[in-house]
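I have placed the structure first, in the form of structure tokens, so that the comments after it can refer back to it.
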Amino acid sequence: ALKQAVAEAAVREVQPLLEGDTIIGIGTGSTANLFIDALAQYKQDFDGAVASSEASAERLKAHGIPVYDLNGAGTLPVYIDGADEVNAHLQMIKGGGAALTREKIVAASSRKFICIADQSKWVNLLGEFPLPVEVIPMARSYVARELVKLGADPMYREGVTTDNGNIILDCYNFMLDDPLTLEQRINDITGVVTNGIFARRPADVLLLGSESGVQRLTP
Ligand code: DER
């Protein structure tokens, strides 16, 4: 119910940005899915979408919404996506759905990032949620050792291969008191493709669902 209210609020937030030829960026996860379902009734108001996962692409197509390759879409006006954790600066941990690389790419290529989440995602300090890191398979052990040096407790996410053919290490007991620095430090480890810290580029708007309704927050 909270997620549904957030998804509908996100449609209202996005509508003024929609024109006939608009292509929007869409994230991945259960909240993003509710947004896709709610947006579908307005599909005549925009052209199509760039998806951050095969799963989201399939859901869009099932609604008859055209799905475009990012390379043909240029800069997108807006990207809508959920998060696993979000703080008051609208910095996030993402990657619970193993789609963090394409999510970070489509977000980077969009002018406005609207994060949609229920209150369970709101934290003061990022890091309670184990930080996902996408890694080239042959570098898994090396990267795990380097993450330990940074103070993390990396666990291999068994049985998961990302849309890009890589593996995920989830970093437990890793409180992120300086998300910006850590995002860069982890990016600098050879073999890391993406990490789930979205601090260098936080969301621009957070639509946060709670019992008292949907709050619209900015950094
Ligand atoms: O993987 C991600 O970053 C997704 O945004 C995801 O973690 C959010 O998932 P949810 O909307 O199903 O809680």
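Bear in mind that the values in this text are calculations on the coordinates, not laboratory data. Here the structure is a predicted model, which is why all the values come from computation and not from measurement. Heads up, the Cβs are rebuilt from the backbone with ideal geometry, glycines too, and the neighbour counts pull from every protein chain shown.
Taking the condition of being at negative phi and surrounded by fewer than 19 Cβ atoms within 10 Å (Cβ to Cβ), how many residues in the stretch 190-204 meet it?
Residues that pass the stated criteria total 4.
Name the residues in the stretch 33-74 that are acidic (D, E) and within 15 Å of the ligand (Cβ to nearest atom), would you?
D37, E54
Filter the stretch 99-123 for residues that are surrounded by fewer than 24 Cβ atoms within 10 Å (Cβ to Cβ) and part of a loop (DSSP other than H, G, I, E, B); which is nearest to the ligand (Cβ to nearest atom)?
V123
Under 9 Å between Cβ atoms, at least 6 apart or on separate chains: pull out the pairs that start in the stretch 154-168 with a residue that is touching a residue at least 24 places away in the same chain (Cβ under 8 Å) and end on any residue that is among the aromatic types (F, W, Y).
M155/Y172; I167/Y156; I168/Y156
Residues in the stretch 63-73: is at least one in a helix (DSSP H, G or I), free of Cβ contacts under 8 Å to residues at least 60 places away in the same chain and crowded, with 23+ Cβ neighbours inside 10 Å?
No, the stretch 63-73 has no match at all.
Hey, does the stretch 183-198 have a residue that's part of a loop (DSSP other than H, G, I, E, B) and closer than 29 Å to V6 by Cβ?
yes
More than 18 Å from V11 (Cβ to Cβ), under 14 Å from the mean Cα position of the chain (by Cα), within 15 Å of the ligand (Cβ to nearest atom) and not aliphatic (A, V, I, L, M), is that true of S30?
The answer is no for S30.
For a quick check of your reading of the model, give me the residue pairs whose first member lies in the stretch 23-35 and is farther than 10 Å from A7 by Cβ and part of a strand (DSSP E or B), whose second is more than 6 Å from the ligand (Cβ to nearest atom) and among the charged types (D, E, K, R), with beta-carbon atoms closer than 8 Å and at least 6 apart or on different chains.
Pairs found: I23/D47.
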